[in-house]
Amino acid sequence: MRLPFKSADVRVVIEAPRLRLVPLAAADADEMFEVLDDLRLHRYTGGKPLSCAALANRYRRLELAASDDGVEIWGNWIVRLRDGQIAVGVVQATVRAHAADLAWVIGTRWQGRGYAGEAASALADWLRDAGVRRLAAHIHPEHVSSAGVARHAGLIQTSERDTAGEVIWESSPAHRAANQASTSAAFRSGGNTG
Ligand SMILES: CC(C)(COP(=O)(O)OP(=O)(O)OC[C@H]1O[C@@H](n2cnc3c(N)ncnc32)[C@H](O)[C@@H]1OP(=O)(O)O)[C@@H](O)C(=O)NCCC(=O)NCCS
């Protein structure tokens with residue numbers, strides 16, 4: 001299978017109205033530790049915050065932007081406010097061939113302002129423009145705000161779950177068509193798609 005782009009291609013800045021997505025670098029670890037050192041961010045995903053040293057190690061690896069076997073391209077961006085360049089979170093795209101899994105984290109004090117939705121939407125648009133045809137996200141069934149972020153990125157909920165029980169959201173052309181049909185039906189019946 002041919003990848004739509006190479007690791008160097010994900011090392012680009014992506015602009016959004018209020019935000020700038022900047023390729024993550026090891027030098028960001030100290031700043032991001034302040035944003036991510038919060039157990040509340042792990043409520044639906046499990047795990048716990050990394051130490052500052054572990055975060056720096058992880059970022060050094062992520063900066064390479066590809067798996068060892070070259071099969072996956074790893075895009076990781078620090079979400080920064082355009083105003084002041086303050087780091088508020090991180091978004092991620094793991095790309096295999098023409099499909100990408102997306103993930104997002106926004107620091108607790110910055111949540112509820114639409115930043116995750118805006119960042120995810122900009123990332124999804126950029127990936128689509130780059131030729132990625134299927135976008136997906138795996139979301140805990142009770143994680144309401146993450147579901148909202150996925151909707152902003154143009155993903156829709158499928159009936160599939162992964163092995164961890166997370167709901168798979170995706171945006172393949174087939175699912176988009178199905179979503180349009182069910183949304184129309186819901187409007188006709190006065191229902192709420194939720
Ligand atoms: C999920 C997360 C990224 C959302 O960040 P955020 O910046 O607060 O999200 P937004 O402000 O863009 O809101 C996204 C949607 O969720 C809704 N929302 C936000 N907080 C909510 C809450 N507490 N309850 C219900 N809906 C909520 C918003 O209204 C919005 O939907 P809308 O545009 O349809 O109104 C953030 O909570 C987070 O980082 N959580 C920890 C990491 C995580 O679990 N990541 C997801 C892994 S898949």
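Taken together, the values in this text are just the output of simple stated rules run on the coordinates, not laboratory data. As the structure is a computational prediction, the values presented were derived from the model and not from experiment.
Rg over Rh for the chain works out to 0.97, using Cα positions for both radii and the Kirkwood form for Rh. 3J(HN,Hα) couplings calculated from phi for the range 38-54 with the Karplus curve 6.51 cos²θ - 1.76 cosθ + 1.60 (θ = phi - 60°) are, in sequence order, 7, 4, 4, 6, 9, 3, 9, 10, x, x, 8, x, 7, 5, 4, 5, 5 Hz; Gly and Pro show x. In this structure, the amide hydrogen of His140, modeled 1.01 Å from its nitrogen in the peptide plane, lies closer than 5 angstrom to those of Val167, counting only residues at least 5 positions away or on a different chain. Which of rounded, prolate or oblate describes the range 114-171 when judged by the alpha-carbon gyration tensor and an a/c cut-off of 1.5? Verdict is oblate for the range 114-171. Less than 5 angstrom separates the built amide H of Glu72 from those of Ser67, all sequence-distant by 5 or more or on a different chain.
Just want to confirm a number: the relative contact order over the range 7-189, from Cα pairs under 8 angstrom separated by 6+ residues, in percent. Could the numbers behind the result be given before it?
Working: 313 pairs, mean separation 31.8, N = 183.
Reported relative contact order: 17 percent.
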